[in-house]
Amino acid sequence: MILKHYFLILIFVCVGFVLDAKEAFYPVSEINPLLLVNANSVVRDSKILLEIHSERKVSYKVREVITVLTENGESEGVLYIPYDSNRTIDIKEAVVYDKNGSEIKKFKNSEIYDQRYFDGFSLYSDARFKRITPNVSNYPYTVLYEYTIDLNGIIDYYDWTPIDSYYKSIEQASYSIRLHNDMKVRIRENNIDDVEKKDAEDDDVQHSWELKDQFAIEREPYAIPIYEHVPTIMVAPTEFSYFGTDGNLSTWQSYGQWIWQLIEDKTTLPDERIQFLKELTQGQKDDLGKVKAIYNYLQQETRYVSVQLGIGGFEPLSAQKVDEVKYGDCKALVNYMRAMLDAVGINSYYTLINAGKTAEKIIPDFPSQDFNHVILCVPVESDTVFLECTSQFSPFAFLGSFTDDRLALLINKDKSHLIRTPKYNGNNNLWKSSASVVVDNQGNAVVNDTVLYTGLQYEFIEDELRKTTEEQIEDELKEGGINGATYKNISYTSEESQLPTATRIREIEVARYAAKMGDRFFMPVNIINQSSTTPKREKNRTYPFRMNLSYSDVDNVQMQLPEGYTIEYLPEGATITSDFGSFQYALKADGNTISYMRKNAVNAGTYQPEKYADFVEYMKKIYDADNQKIILKKL
């Protein structure tokens, strides 16, 4: 689906209005030195004017002057404007200046790169882009871009996020909205303490904002997404027109009605397919079994191919067409699955969602087109299951971190509404290992371990399930988890369930597992699941930090000591608790065997900056515990 932020992030890079001779230079020497701190680029002057003439006619006039300070800021100097058959781009000026403001190059229209957008999986697409790359090697330099985007119909407007990346300062940026013909817009302002609402420039400019002298934001460890704490102006229509269809975005229900009109007549299947599906499911005891059987058929018989042509960004291929060609995008495959379930008497719901591990959140009280994916919601007697229909390998009813725990829009004719997808908690997201370690008189060891992965931890090894043993061993060596390891064997298996489970079994020979010093061995307490780093300390944390995943790790290791050695030192073990989780480990000696137990439970959450020092200290205690040594002395 076409996502407005996809265009927003890319086109806000460089922009422009009318320059006079004095403004065109923007010498670097005039930049406030404080704006250079932690900055790779500085927005010298940015002006964006949104003009809304009608539901069908919308334009953006954009001007931006950016100084690129370092190689790391080079992407800020590149102009990249995606467009399609519904958008017309007119680049009026593109100029590059040196640090003193002297012109280096002015781009002609013939020098602007204009190409079809190829994403590798879209079969039909009218997406294109225009791009200008300065190709300047001497830093700093300044770029000026001025262009307009004319749209013949739009579902949603671009948000204004002037600080859209780290290490970018703002001298001045403004955003204005001019409404014609009594047009209306809805506006939501976020984090605008530093934004000035300007007086209207003329009778037609109803809304205007300005941001000045914003210092570059340095990315902090465990940072929350930048959009959560920078100024943002969200703008959305009430009535809209898109590729000959009219809709209303004032409520989730009204937007759902527009989506419903695009899908309601798309579920017809050939009679022979309906008969096939009835035969496929006739042996199933309940609806859940029928859903699973049809889902398995979908995965085996179809493949994902994107369609982004005109209104095809929102309207799916018909179920009959997908049944014929055996491919489709998320919209088409969900619609096809919906049609197949309907054929055996099971109701299901086409559901819009914003997918991605760091996807922006849907705001319940501000309806807007912020969705980029479609999944299927299937209420059954025992539970409600959600289906990811684009993957041939995804476990049944497992959403994973791609679409879990977020708001989605369930489409149900005139009763469409927001729902929340399932959340996987710490007990769901489990790593559970058991291992034996046999150490010889040279300090070498043979390690046999078995690890069970469930829930979102399953995602860490999901790709390994489809690889050869040789590829799996190569991946283990690349990760470098165990120094001196030679992998003799490795295997993966998985179990079919709504909470996916996979098991990894390894046989490893580890050279110098225990370091020898004189008549002593120094042996690690934990090489199976060991903390390898600690978070960076920061004296003046500015923004909140976040742990994204709740999970639990449980490890049990049996270590057999080499003959002729006795235990000189055995760590006592400890229990550590905090707001961020809990950690426990214990060691017990029994003859020439040491038992090691480790439990680590992590609490996902967003924490205030003043908690960061406590978090670092907590993580350091875990690191120290994981990296302790057992000392063996020769008899």
Q | Residues satisfying the stated conditions in segment 283-301, i.e. surrounded by fewer than 15 Cβ atoms within 10 Å (Cβ to Cβ) and either touching a residue at least 40 places away in the same chain (Cβ under 8 Å) or in a loop (DSSP other than H, G, I, E, B) (or both) | A | Gly283, Lys285, Asp286, Asn296, Gln300
Q.
I'd like to check something: does segment 612-634 contain any residue that is open to solvent by 70 Å² or more (accessible area, probe 1.4 Å), over 19 Å from Ser532 (Cα atoms), in contact with a strand residue (DSSP E or B) (Cβ under 7 Å, 6 or more places away or on another chain) and in a strand (DSSP E or B)?
A. yes
Q: Within segment 310-355, track down each residue that is of a type in the set (Lys, Arg) and within 18 Å of Asp271 (Cα to Cα).
A: Lys321, Lys326, Arg338
Q) Filter segment 37-66 for residues that are part of a strand (DSSP E or B) and of a type in the set (S, T, N, Q); which is nearest to the chain's Cα centre (by Cα)? A) Ser41
(Q) Quick test of your reading of the structure: Leu280 fulfils all but one of (1) within 30 Å of Val616 (Cα to Cα); (2) surrounded by 15 or more Cβ atoms within 10 Å (Cβ to Cβ). Name the failing condition by number. (A) (1)
Q: Take the residues in segment 500-532 that are of a type in the set (Gly, Ala, Ser) and open to solvent by 30 Å² or more (accessible area, probe 1.4 Å), then tell me which one is nearest to Tyr458 (Cα to Cα).
A: Ser532
Q: Report, ordered by the first and then the second residue, all pairs with beta carbons closer than 8 Å, sequence separation of six or more or different chains, a first member in segment 95-117 that is farther than 15 Å from Asn138 by Cα, and a second member that is of a type in the set (Gly, Ala, Ser) and not in a strand (DSSP E or B).
A: Val95/Ala24; Arg116/Ala127; Tyr117/Ala127
Q: Please list, ordered by first then second residue, the pairs with beta carbon atoms under 6 Å, 6 or more apart or interchain, first in segment 424-452 and on the phi > 0 side of the Ramachandran plot, second of a type outside the set (Val, Ile, Thr) and surrounded by fewer than 17 Cβ atoms within 10 Å (Cβ to Cβ).
A: Gly443/Arg512; Gly443/Lys516
Q. Any idea how many residues of segment 377-397 are surrounded by fewer than 18 Cβ atoms within 10 Å (Cβ to Cβ), under 25 Å from the mean Cα position of the chain (by Cα) and among the small types (Gly, Ala, Ser)?
A. 1
(Q) Looking at the structure I just gave you, is Glu507 within 18 Å of Ser433 (Cβ to Cβ) and modelled with pLDDT of 90 or more? (A) yes
Q: Name every residue in segment 40-65 that is out of contact with any Asp or Glu (no Cβ under 7 Å at 6 or more places or on another chain) and among the hydroxyl-bearing types (Ser, Thr, Tyr), in order of residue number.
A: Ser54, Tyr60
Q: Output yes when any residue across segment 552-561 is touching a residue at least 60 places away in the same chain (Cβ under 8 Å), farther than 30 Å from Gly455 by Cβ and part of a strand (DSSP E or B), and no when none is.
A: yes
Q.
So if I check each of Leu19, Leu8, which one is modelled with pLDDT under 95, in a loop (DSSP other than H, G, I, E, B) and not small (Gly, Ala, Ser)?
A. Leu19
Q: Mind listing just one residue for me: the one in segment 415-464 that is more than 30 Å from Trp252 (Cα to Cα), among the β-branched types (Val, Ile, Thr) and under 32 Å from the mean Cα position of the chain (by Cα) and, of those, modelled with the lowest pLDDT?
A: Ile461
Q: Select the strands (runs of 3 or more DSSP E) contained entirely in segment 137-239, then report the ones holding at least 1 residues which are open to solvent by less than 30 Å² (accessible area, probe 1.4 Å), more than 22 Å from Lys361 (Cβ to Cβ) and modelled with pLDDT of 95 or more.
A: 141-152, 168-179, 205-214
Q.
Among (1) open to solvent by 50 Å² or more (accessible area, probe 1.4 Å); (2) of a type in the set (D, E, K, R); (3) farther than 29 Å from Phe522 by Cα, there is one condition Lys478 misses while meeting the rest; what is its number?
A. (3)
Q.
Every residue in segment 343-365 that is open to solvent by 10 Å² or more (accessible area, probe 1.4 Å) and of a type in the set (Phe, Trp, Tyr), please.
A. Tyr349
**Q.** Members of segment 324-342 that are part of a helix (DSSP H, G or I), touching a helix residue (DSSP H, G or I) at 6+ places or on another chain (Cβ under 7 Å) and open to solvent by 20 Å² or more (accessible area, probe 1.4 Å)
**A.** none
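The values are calculated or read from the model by the stated rules, or taken from the named source; none is laboratory data. What you see is a predicted model, and the numbers here were worked out from it, not measured in a lab. We place every Cβ from the backbone using ideal geometry, glycine too, and count neighbours over all the protein chains shown. Surface areas here come from the heavy atoms of the whole protein model, side chains and all, with no ligands, DNA or RNA. Shrake-Rupley method; radii C 1.70, N 1.55, O 1.52, S 1.80 Å.
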